[in-house]
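Please read the structure below before turning to the comments.
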Amino acid sequence: FAPIVANGGFMMFDDLLPGDSFRALREEGLRHRELATECQRLEHDVSGFRTGNPARWFATAAGGEVQRGIYHDGVLARKIATLCGRRVKPTGGQGTYSYYDRPGHFLGLHRDINTCDVTMITCLHRAHSVEESGALRIYYKSAAKNLADILDGGHPSLDIHLEPQQSVLLLGGFVPHEVRPAAEGYARSISVLCFEMT
């Protein structure tokens, strides 16, 4: 098995991005917060295996030149390919920044869209709050289960709280995941990059 598969479909890293790259990404991502728009969807679609269209409420902004340079860096793609056991390529021209910084910001249970097989999430900023608030919850033993079945409860999961500069690499097209609602005083800014396996 590829390392990420052997680990349940995800891996965490303290320094997947070198310090200089991370600092530039963080500066750009925090600057883009003022350009972000609220993304809200009340309907929750769990009808298919891989819908990529969950209920949500958070702020999002398009990436800039710094993020784009990281996204299309061949060295990063080769590193991810080694961990995933397959070649990968960027899903699109640019990634996004997401901001969970209002009480109630969340992202519902889902798998990522068809061209987003591998997701790289890097934490740019985080303000602490209660334990479950804002956690990335991964259902690491449910890769073969329908989303509707997982909603019934009782399925093993792991809550991840990334600290600044930490990244998680997730087989987001296969492993169900969600972001738990943010509590009062919680704030997290992240860079999100999607890759397609080839």
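Figures for the structure shown
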read-out: Residues satisfying the stated conditions in the stretch 2-26, i.e. part of a loop (DSSP other than H, G, I, E, B), open to solvent by 40 Å² or more (accessible area, probe 1.4 Å) and either over 21 Å from I138 (Cα atoms) or touching a residue at least 60 places away in the same chain (Cβ under 8 Å) (or both); value: D14, D15, P18
read-out: Members of the stretch 182-198 that are touching a Pro at 6+ places or on another chain (Cβ under 7 Å), farther than 26 Å from R78 by Cα and crowded, with 22+ Cβ neighbours inside 10 Å; value: A182
read-out: Any chance T51 is within 28 Å of A143 (Cβ to Cβ), open to solvent by less than 20 Å² (accessible area, probe 1.4 Å) and in contact with a Leu (Cβ under 9 Å, 6 or more places away or on another chain); value: no
read-out: Some residue of the stretch 40-62 being in contact with a strand residue (DSSP E or B) (Cβ under 7 Å, 6 or more places away or on another chain), within 24 Å of A187 (Cα to Cα) and in a helix (DSSP H, G or I); value: no
read-out: Check on A81, part of a loop (DSSP other than H, G, I, E, B) and without any contact (Cβ under 8 Å) to a residue 24 or more places away in the chain; value: no
read-out: Counted residues, the stretch 127-138 - those being at pLDDT below 95 and touching a Phe, Trp or Tyr at 6+ places or on another chain (Cβ under 8 Å); value: 6
read-out: Among (1) under 18 Å from the mean Cα position of the chain (by Cα); (2) farther than 20 Å from R26 by Cα - the single one D45 does not satisfy; value: (1)
read-out: Qualifying residues in the stretch 181-197 (those that are modelled with pLDDT of 95 or more and out of contact with any His (no Cβ under 8 Å at 6 or more places or on another chain)) - the one farthest from R33 (Cα to Cα); value: M197
read-out: In the stretch 32-44, the residues that are open to solvent by 40 Å² or more (accessible area, probe 1.4 Å) and either in contact (Cβ under 8 Å) with a residue 12 or more places away in the chain or at positive phi (or both); value: R33, L35, T37, E38, Q40, R41, L42, E43, H44
read-out: Matching residues, the stretch 72-120, being more than 13 Å from L169 (Cα to Cα) and of a type in the set (A, V, I, L, M, F, W, C); value: V75, F106, L107, L109, I113
read-out: Segments classed as strands (runs of 3 or more DSSP E), wholly inside the stretch 86-173, with at least 3 members that are under 25 Å from V75 (Cβ atoms); value: 88-90, 96-100, 118-127, 167-170
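The values are calculated or read from the model by the stated rules, or taken from the named source; none is laboratory data. Nothing here was measured: the structure is a model prediction, and the numbers come from that model. Positions of Cβ are backbone-derived with ideal geometry, glycine not excepted, and every protein chain shown enters the neighbour counts. Accessible surface is based on the protein model in full, side chains and every heavy atom, while ligands, DNA and RNA are left aside. Shrake-Rupley method; radii C 1.70, N 1.55, O 1.52, S 1.80 Å.
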